[in-house]
Structure formats: C-alpha cells, structure tokens
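Just so you know, all these numbers are worked out from the coordinates, no wet-lab data involved. The model shown is predicted, which means the values in this text are computed figures rather than measured ones.
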Amino acid sequence: MAKLFKLHFGDLLAQPLTDINMEILPSPQELKRKILIKDKTLAPRGKAAHRVSEEEQQQIQQLELAKLGNRKIHPDLSEIVFLKTVPYLPPNVTMGDSIIWEMSSFSEVTIKKPASDEFVKYNTKQLSRLYPKGSRVDSSNFSPFIGWELGCQLVALNYQTDNKPMYDNEAFFTDNGKCGYRLKPELLRDPNTTYNPQTFVQPVQSSPIKKLTVTIHSIKKLPSTGVMRHVVVRISGIGNDTKEYKTAQKSDQNPTFGFKVEIALIFGELAILEVIV
C-alpha cells in the first residue's frame with residue numbers, strides 16, 4: 001500500500017513533520033492539494049524521538065506492534081504517516097508533552113466521556129475526529145453540532161443519507177467560499193479558554209450577543225390552493241441558540257404573512273438559519 005501511495009500520489013503526499021520545536025500544524029493554505037495519511041506509526045518522531053534513546057525507540061516499536069495485534073503496519077507506511085493516531089489523554093496529563101501531529105478519534109458515544117472543558121482545551125492544540133457509532137446500520141446520522149461545540153476539527157457523517165444533519169453540515173460549510181474549511185470561533189481556539197458548552201449561557205467579550213432580524217413578507221405561485229401552509233424559521237445552534245418560529249397558516253396560492261422576528265444569538269458563529277415552507 002505504501003508503495004502504491006508513493007507511486008500514484010508522489011508529491012501530493014504531505015511529508016511527515018519532524019521539527020521538535022513545532023507548536024502549530026501547517027495551515028490549510030499550506031496543505032492545499034495535499035494528501036494527509038492518518039494511521040498509527042511504529043516509532044516516535046520529533047519531540048518524542050528526541051526524548052528517548054535508540055534502544056528505547058526499538059522497545060516502543062515492539063510495544064506498538066503488540067498493540068496492533070493482528071493488524072500490522074509496514075515500516076514504509078509508518079514513514080509516510082502525517083497524522084498519528086493515539087489514544088486520548090486529557091490536557092492536564094499531556095501538558096507540555098503532547099505532539100502536534102498526534103490526533104484521537106471518537107464515536108458519538110465515546111465523545112461524551114471526556115469532561116467538556118478539558119476536551120475543548122485539547123482541541124485548541126490537537127486534532128480530533130468524531131464519527132457515527134457503529135450501531136447506525138441504517139446509515140443515519142447524529143447532529144454535527146455535538147462535535148462543533150467542542151471544537152472538533154473533523155466531524156464525519158454518513159454522506160449517503162440525505163437528512164437534517166447533512167443539511168446542517170452543507171449549510172455550515174457554505175461559508176468561506178465552500179472551501180470545506182471554516183475558522184473556529186476565538187473561544188474554541190484560545191488555549192486558556194474557560195468555555196464549556198454545558199454551562200455556556202451568557203455572552204463574554206469575545207462572543208457578544210448578536211441579533212438577527214428575519215422578515216417573511218409573502219410566498220408567490222404555490223402549486224395549488226386549499227392547502228393550509230405556513231413558514232418555519234429555525235435556528236440550529238449551540239444550547240439556547242436553537243430556536244423555532246412559525247408564521248400563521250394560509251391557504252391561498254400567493255399568501256402574505258407580514259411576519260417579523262428578532263432573534264438573539266449567544267454563539268452566532270456556530271448557528272445556521274433555515275427557512276422552511
């Protein structure tokens with residue numbers, strides 16, 4: 001596999017990081033049109049390699065092989081891994097010892113185990129991936145907001161299923177030119193943040209309340225008359241930002257509503273507006 005990757009991808013492969021002084025990952029702009037290999041590795045690199053002797057590195061490699069069990073990783077594949085898969089450890093355990101290219105993955109079930117405030121801080125420096133639980137045999141999805149509110153950089157969904165979580169995901173990433181990347185709010189980037197999604201109910205200086213005014217004047221040329229219809233204005237967001245409003249019901253083909261609502265948003269950066277007939 002590693003040989004095929006090198007043969008067909010060539011220079012598109014992002015080269016593994018080894019700078020022991022690196023504190024942040026390359027930007028999305030720097031990694032543009034690059035392929036990042038994520039997997040376990042057989043030996044530490046950079047800071048981790050700098051801390052151990054050659055003999056200790058060999059012992060670590062044997063331990064890594066033992067952990068893999070029946071799944072073996074060839075050294076050639078290990079050498080081209082850009083993001084190393086590791087178990088999650090809270091920031092207070094890894095403080096000063098974490099490696100910038102290490103990342104952890106969580107199912108929608110295991111994501112609930114770390115303390116929310118600890119996990120938010122973890123995501124200010126490390127990458128994390130959230131994916132649907134294995135029991136979703138019908139390819140259903142969870143709400144991606146449970147990952148976004150914790151600062152998860154990668155929230156995986158079942159793209160083959162057309163449902164509200166996928167609509168939310170598509171709407172969320174229409175921002176920033178639909179490039180597939182959005183800068184996280186400052187509260188989710190600051191290593192000293194005190195933000196906790198479970199208790200976040202009041203605005204702070206870095207995230208003031210935003211007000212959104214929505215006006216529904218009318219709908220034109222509906223396909224038939226005699227059917228009662230109304231318009232739903234829905235905000236999908238974090239905590240109390242999730243709200244829904246409905247207009248009065250009308251039955252004519254060109255109904256006029258004259259509906260207006262002012263919506264206060266605490267965390268507007270992570271909110272999505274839906275207008276549904």
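List, in the order given, every pair from K32/K121; K112/K184; K125/K246; K84/K211; K164/K220 whose Cα-Cα distance in the structure shown is over 30 Å.
Violating the 30 Å Cα-Cα cut-off are K125/K246; K84/K211.
What fraction, in whole percent, of alpha-carbon pairs in region 112-196 exceed 23 Å separation? Don't jump to the answer; show the numbers that get you there.
On the way: 935 of 3570 pairs.
Of all Cα-Cα pairs in region 112-196, 26 percent lie more than 23 Å apart.
Can you report the principal axis dimensions of region 148-196 using only the alpha carbons, biggest first, rounded to whole angstrom?
Here the Cα extents, ordered largest to smallest, are 38, 23, 14 Å.
Kirkwood Rh over Cα pairs of region 115-161 into Stokes-Einstein at 37 °C, 0.692 mPa s: D in µm²/s?
Numbers: Rh = 11.4 Å.
Rounded, D is 287 µm²/s.
Which whole-number percent of Cα pairs in region 184-277 have a distance greater than 19 Å?
Beyond 19 Å sits 51 percent of the P(r) for region 184-277.
Taking a temperature of 20 °C and a viscosity of 1.002 mPa s, what whole-number D in µm²/s does Stokes-Einstein yield for region 120-277 with Rh from Kirkwood over alpha carbon pairs?
Reported coefficient: 120 µm²/s.
Hey, can you grab everything whose amide H is under 5 Å from the amide H of L130? Only 5+ residues off in sequence or another chain; H modelled, so Pro and N-termini drop out.
For L130, the qualifying residues are F106, L154, V155, A156.
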